[in-house]
1. Among the candidates 536, 506, 502, 516, single out the residue that is free of Cβ contacts under 8 Å to residues at least 60 places away in the same chain and among the hydrophobic types (A, V, I, L, M, F, W, C).
2. Residues that are under 30 Å from residue 370 (Cα atoms), part of a strand (DSSP E or B), modelled with pLDDT of 75 or more and touching an Asp or Glu at 6+ places or on another chain (Cβ under 7 Å): does the range 268-281 have at least one?
3. Name the residue, out of 352, 301, 340, that is in contact with a strand residue (DSSP E or B) (Cβ under 9 Å, 6 or more places away or on another chain) and either hydroxyl-bearing (Ser, Thr, Tyr) or part of a loop (DSSP other than H, G, I, E, B) (or both).
4. Might you check whether a residue that is closer than 26 Å to residue 258 by Cβ, touching a residue at least 24 places away in the same chain (Cβ under 8 Å) and not hydrophobic (A, V, I, L, M, F, W, C) occurs anywhere in the range 545-557?
5. Within the set of pairs 6+ apart or on separate chains, which have a first residue in the range 84-102 that is more than 12 Å from residue 388 (Cα to Cα), a second that is assigned to a helix (DSSP H, G or I) and among the β-branched types (Val, Ile, Thr), and C-beta atoms under 9 Å apart?
6. Tell me, please, whether a residue that is of a type in the set (Val, Ile, Thr), out of contact with any helix residue (DSSP H, G or I) (no Cβ under 9 Å at 6 or more places or on another chain) and surrounded by fewer than 18 Cβ atoms within 10 Å (Cβ to Cβ) can be found in the range 541-560.
7. Could you count how many residues in the range 573-592 are under 14 Å from residue 505 (Cβ atoms) and crowded, with 16+ Cβ neighbours inside 10 Å?
8. When the range 222-242 is examined, which residues are found to be of a type in the set (A, V, I, L, M, F, W, C) and either modelled with pLDDT of 80 or more or buried (at least 19 other Cβ atoms within 10 Å of the Cβ) (or both)?
Amino acid sequence: MNRYPLWKYLVVVTALVIGAIYALPNLYGEDPAVVVATQAGEVPVEETRTEMLAFLEERGVPATSAEILAEQYVVRFDTTEVQMRAADLLAGMLGRDYTVAMTLVPATPDWLRAMGAAPMFLGLDLRGGVHFLLEVDLEAMAENHMERHERDFRTALRESRIRYTSLERTEDLSLRVVFPRPEERDEALAVLEEVVEGLAFATDEEDGRYIITASLDEEDFRELQDFAVQQNITTLRNRVDELGVAEPVVQRQGADRIVVQLPGIHDPARAKEVLGATATLEFRMVDHSDFPFSGDPEGRTPPDSEVFPQRRGGHVLLKRDAVLSGDYIVDAASGFDQDTGSPQVTIRLSGTGGRIMNRATRDRVGDHLAVLFMERASETKLVDGEPERVTVEIHEVISVAQIREALGSRFRITGLRSSQEAADLALLLRAGALAAPIDIVEERTIGPSLGADNIERGFMAVVIGFVLVIIFMAIYYRTFGLVANLALMTNLIIIVAVLSMLQATLTMPGIAGIVLTVGMAVDANVLIFQRIREELVSGSSVQLAIDNGYGKALSTIADANVTTLIAAIVLFIFGTGPVQGFAVTLAIGLATSMFTAIVGTRAVINLLYGGRRVAELKI
């Protein structure tokens, strides 16, 4: 009685060894580092890497080490202050041809990295950084949407030569068009229903005036709102990438709010500058007098043309007059050509945009149309050897495609090299600018010292709780209490290991979940040990008391843990980030404590007392 087969002991030992290995990286901490890559995401060539390190050495910012890690060139530094200065210097030295990102790189030894072991990520409250709660101005978005429809109405009625008395927007975001005669109203209604999408039309008569009222269709309006929020999220994620933040959080909260958390960033002004940047798109015709472009980009060009760099390399000569601006783009989606299977991007313009595009391209079949991306952004330049942030105008041609037929409201861009390139182009066309204005309704800056203080306090909370539980269990349950303490220590190691293997982000609520787990982890052992005591008092033998203690307490332990697990699941489903972090650590702690308290302690007790005569249990 009270003997485990060999395989059960092997399971316990294996769990402990794996847990120890994958929890170990958290003891080594992280180094402040700068990650440098080309715009294509490749590691800089050796010559550039050597120049970078020499440049930093000359300016008194030496790197502690530099290596190629996971297809990235990582330069490590001693402190975050040195890291920030090095990032500014390198950004000014390398320019826009490279991306320079600040991050924290684990100081994990090579032998642990070779096994795939890595530490947990630290959340904003532990690492420090900035937190923004942004509100999308959906009302302004709807007004802009109706303003565009108003322009479409005027253009359509003018081109159809239909007279109207007045055209105005009402307070309830509707368009009201008044006509002198019913025939003109009916003719206009047929035209507007054909060229304008997403509006519900109604007719009315009032004091001899004939009226068309166009309002946003409720279902289409909800889709429009959802699209605007999602597009803003996509745009903000693109802009956050410019900041070089490790593990940023950009997620939706409710119907019209977006949470942006930038760990490691301590300059909110710089973050707000990037998040609120403006970007526009233009469609321009290619000047075929020099295509493909073979001249000098800095040389003379025809008076009605100008040269722009292409994102994929090289330059292209474009006409100065834009065919169309990106304001007319309603949607853009990547996909595949049904005939050839090659990647493509399908673009949908507004009614007015479609007519402008049709007039511009119907006599130019065979020519090339370019998409020009323009942005006002800030970047770091070296001024007298010191990094300085300046505002620059960025112009890039992101696509050049041949016109195969007259284009309208819907057309395709083909000739793309890969589905990823198509997806990226569709993303830029949709998210070159914010779909709706955003307002910052909450802003918090958490300094690195406060993050370190949070870590210290959280660690002390775990240690104090752990020590108090150990002392109580050792005094009250003696040998069995020491076994429970061993299980509790193993439980903590396995929790940390599981969080590390999942690459979870640890926050203060997560630490609270671990502290709570420390207290709850011994509940199962208390139930078991009390049951063993009762069996001994009732006259059972030592071996039978141990067996009955574990067997009869199991259902109670399972009930208690399952109900708590249900609560954790509910918290995870309905909670937001911090609450979800608490729920995750609580759920993991419940699962691991069940294993260590039941299987782990039973294995140790079996080794100590199983299969031998015992006169008295020290419990």
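The values are calculated or read from the model by the stated rules, or taken from the named source; none is laboratory data. Bear in mind that the values here come from a model prediction, so they are computed numbers and not experimental data. In this analysis, Cβ positions are derived from the backbone assuming ideal geometry, glycine residues included, and neighbour counts consider all displayed protein chains.
1. Values: 536 fails: free of Cβ contacts under 8 Å to residues at least 60 places away in the same chain; 506 fails: free of Cβ contacts under 8 Å to residues at least 60 places away in the same chain; 516 fails: free of Cβ contacts under 8 Å to residues at least 60 places away in the same chain.
The match here is 502.
2. Within the range 268-281, the first condition is being under 30 Å from residue 370 (Cα atoms), and the residues that meet it are 273-281.
Next cut, part of a strand (DSSP E or B) only: 279-281.
Next, from what is left, pick out any that are modelled with pLDDT of 75 or more: none.
The answer is no; no qualifying residue exists.
3. Details: 352 fails: in contact with a strand residue (DSSP E or B) (Cβ under 9 Å, 6 or more places away or on another chain); 340 fails: in contact with a strand residue (DSSP E or B) (Cβ under 9 Å, 6 or more places away or on another chain).
It is 301.
4. no
5. The qualifying pairs are 94/48; 98/48; 102/80.
6. If we filter the range 541-560 for residues that are of a type in the set (Val, Ile, Thr), which is where we start, we get 542, 546, 556-557.
Next cut, out of contact with any helix residue (DSSP H, G or I) (no Cβ under 9 Å at 6 or more places or on another chain) only: none.
Checked the range 541-560: no residue is of a type in the set (Val, Ile, Thr), out of contact with any helix residue (DSSP H, G or I) (no Cβ under 9 Å at 6 or more places or on another chain) and surrounded by fewer than 18 Cβ atoms within 10 Å (Cβ to Cβ).
7. Going through the range 573-592 one residue at a time, the tally reaches 9.
8. Here is the first cut: in the range 222-242, the ones of a type in the set (A, V, I, L, M, F, W, C) are 224, 227-229, 233, 236, 240.
Once the filter is applied, which keeps residues that are of a type in the set (A, V, I, L, M, F, W, C) and either modelled with pLDDT of 80 or more or buried (at least 19 other Cβ atoms within 10 Å of the Cβ) (or both), the range 222-242 yields 224, 228, 229, 233, 236, 240.
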